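Since every read-out is calculated from the coordinates, none of them should be taken as a lab result. If you're wondering where the values come from, they're calculated on a predicted model, not measured in any experiment. Quick reminder, even Gly has a Cβ in these numbers, built from the backbone with ideal geometry, and neighbours come from all protein chains shown.
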Amino acid sequence: MSDPRLRQLTIKTGVVKRLSKEKVVYEKEVVTQQNRIEKLKAGGSDDYVLRKQDEVLQESMMMIPDCQRRLAKAHQELSEMIRDEEELKETQQYQAAVAVLEESKVNLPQKVTG
């Protein structure tokens, strides 16, 4: 991997992959936290506990748009690099980047993928 473009391609691919996973984790955390709050309400839990759990839920919900924004930017940068470096098409890094771009499309905001 002596070509610096391959190194950049690998780094950008890793960023897109990480941000895509991070967004999924936050979305799962929101669902888990909502379920936890519902159980606490049904169990007649203390107001203080409910407020604290709601704060945790709000923090997780605030992270999702941030992840989407960062993922969209990273996705765009990797897409541009793929477009600009087509002569690397035969390399493993290029093919991995294309695969990650395709996989991460489901996690992008609708206006970016459409």
Open item on the list: Rounding to the nearest 10 and keeping the result within 0 to 90°, find how far the Cα-based axis of helix 92-104 lies from the longest principal axis of the chain.
Closed with: 30
Task: Option label - Kirkwood radius over Cα pairs in Å computed here, alternatives (1) 17.2; (2) 16.0; (3) 16.7 - done: (2)
- [ ] Between beta-carbons, use under 12 Å as the cut-off and find the net charge around residue 66, counting Lys and Arg +1, Asp and Glu -1.
- [x] +2
Open item on the list: Quick check: net charge around residue 15, other residues with Cβ under 12 Å of its Cβ, Lys/Arg +1 and Asp/Glu -1?
Closed with: +4
Open item on the list: What distance in nm lies between label points placed 7 Å from Cα along the C-beta direction at residue 95 and residue 2?
Closed with: 2.2
- [ ] Report, in degrees rounded to the nearest 10, the 0 to 90 angle that the Cα long axis of helix 4-42 makes with the longest principal axis of the chain.
- [x] 10
Open item on the list: Just want to confirm a number: the relative contact order over the chain, from Cα pairs under 8 angstrom separated by 6+ residues, in percent.
Closed with: 42
- [ ] Would you tally the net charge around residue 24, using a Cβ to Cβ cut-off of less than 15 Å, leaving residue 24 out, and scoring K and R as +1, D and E as -1?
- [x] +2
Open item on the list: Rounding to the nearest 10 and keeping the result within 0 to 90°, find how far the Cα-based axis of helix 47-84 lies from the longest principal axis of the chain.
Closed with: 10
Task: Options 95, 78, 25, ranked by Cα towards positive dipole end of segment 12-114, top entry (Cβ charges) - done: 25
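To the nearest 0.05, how large is the calculated FRET efficiency for residue 41 and residue 70 if R₀ is 25 Å and r is the Cβ-Cβ distance? Can you show the working numbers first?
Numbers: r = 33 Å, r/R0 = 1.33.
Step by step, r from the Cβ atoms, then E = 0.15.
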